[in-house]
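Just below is one structure, and these are the notes that go with it.
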Amino acid sequence: METEELAERVRAGDRRALARAITLIESGRTDHRRAATRLLERVGTDRQALRIGLSGTPGVGKSTFIEAFGTMLTSRGMRVAVLAVDPSSARSGGSILGDKTRMERLAREPLAFIRPSPAQAELGGVARRTRDAVALCEAAAFDVVMIETVGVGQSETLVAGMSDVFVLLMAPAGGDELQGVKRGIMETCDLILVNKADGDLAAAAERTRADYAGALRLLRRREGDPEGIPAALTVSALQEERLDEAWERVRRLGDWRREHSHWDRRRAEQARRWFEDEVRQGLLARLSADPATAEALSRLGAEVEAGRRTPGAAAAEVLDALPPLSLDAGGDGD
Ligand SMILES: Nc1nc2c(ncn2[C@@H]2O[C@H](COP(=O)(O)OP(=O)(O)OP(=O)(O)O)[C@@H](O)[C@H]2O)c(=O)[nH]1
Ligand SMILES: [Mg+2]
């Protein structure tokens, strides 16, 4: 199918075309990358969805939550896309496929679209492809795009860096520990949802919520936050309780940021970081594609590891060997 036709069908909201377009952007083939870049330009950036980043440690209830929360939104006529960023996909080829079985109800919804994490790619690549997939879902006129990741390491920061509202899903704490949530993530999250607030866990969940609310109050108020954000709530994904309250908080925060122009600024900053990431990764890919440079990189890397060269000096040797760039600073093309 021609790129133009595929772009048209994506903009028409055709889910099969969207799946095909995402497969194209996930492909590592050079010709596919070119077609993907053309496609992303053709679908345009005029449409916006509410991008909700969702992170939480394994077993906290992310999939159950997305299933219940997503189905609530589609039952209100909203189009919901779910994308997963699974760091393990780089090592093990992905586990979120198994997860799709946990979202069976949502997967059957005509207003929903679920896409597991791209497999066999380093995390940076997963992130790039997920950003492109978010852009395609927006072009396909989805109202909400949920980006799910397992709360470990880098992937959380990556997902926070591509969402309008970032949500942390937590489990009721056994003791009074605050589950060692990294300060950095606490500072980027907008909403902490303590899940499994049902049955025997309800009291523990409320205590955990109060602990987090206290910890969040200690954080310095961020520019771009209305009163009461970040906040901590209890929910039960399994019993589908207080999901509408969680949605109200997310929706109102999105609206508030739009009205106070934090939305555009946040997206502009994210797009710039995205651009710098693309350049960084593209440069590294180009360097490794050139046999002489690839040889130098591995030789110097080994010398650095062996302590015979400093990282700075070794890097300088590679960079000094590069031919001068011919980017036209004026940008007038002549
Ligand atoms: N009691 C209770 N159990 C829940 C709730 N939400 C999820 N669970 C249970 O917790 C377990 C893990 O749920 P998942 O939704 O698979 O968790 P996850 O975070 O997606 O897990 P990974 O994909 O492995 O990272 C399952 O047995 C769920 O039934 C809840 O609100 N209350
Ligand atoms: Mg899951």
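Each row is one residue, and each column tells you yes or no for (1) modelled with pLDDT of 90 or more; (2) under 16 Å from the mean Cα position of the chain (by Cα); (3) buried (at least 19 other Cβ atoms within 10 Å of the Cβ); (4) under 30 Å from R16 (Cα atoms).
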{"position": "G124", "(1), (2), (3), (4)": "no, yes, no, yes"}
{"position": "E138", "(1), (2), (3), (4)": "yes, yes, yes, yes"}
{"position": "D164", "(1), (2), (3), (4)": "yes, yes, yes, yes"}
{"position": "L201", "(1), (2), (3), (4)": "yes, no, no, no"}
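Could you list all residues from region 205-231 that are at pLDDT 95 or above and of a type in the set (G, A, S)? Result: A205, single match. Scanning region 56-66 for residues that are touching a Lys or Arg at 6+ places or on another chain (Cβ under 6 Å) and part of a helix (DSSP H, G or I) returns a single hit, S63. In region 3-24, the condition of being within 16 Å of ligand 1 (Cβ to nearest atom) and open to solvent by 40 Å² or more (accessible area, probe 1.4 Å) is met by no residue. Would you say T71 is within 16 Å of ligand 2 (Cβ to nearest atom) and either open to solvent by 20 Å² or more (accessible area, probe 1.4 Å) or not acidic (D, E) (or both)? For T71, the condition - within 16 Å of ligand 2 (Cβ to nearest atom) and either open to solvent by 20 Å² or more (accessible area, probe 1.4 Å) or not acidic (D, E) (or both) - is met.
Of all residues in region 79-122, those that are away from ligand 2 (no atom under 16 Å from the Cβ), assigned to a loop (DSSP other than H, G, I, E, B) and at pLDDT 60 or above total 5. On inspection, T37 fails the criterion of being farther than 30 Å from T188 by Cβ, at pLDDT below 95, β-branched (V, I, T) and under 22 Å from the mean Cα position of the chain (by Cα).
The values are calculated or read from the model by the stated rules, or taken from the named source; none is laboratory data. Quick caveat: nothing in here was measured; it's all calculated off a predicted structure. Counting neighbours? That spans all protein chains shown, and the Cβs are built from the backbone with ideal geometry, glycine included. Note: areas computed on protein heavy atoms with side chains; ligands, DNA, RNA excluded. Shrake-Rupley method; radii C 1.70, N 1.55, O 1.52, S 1.80 Å.
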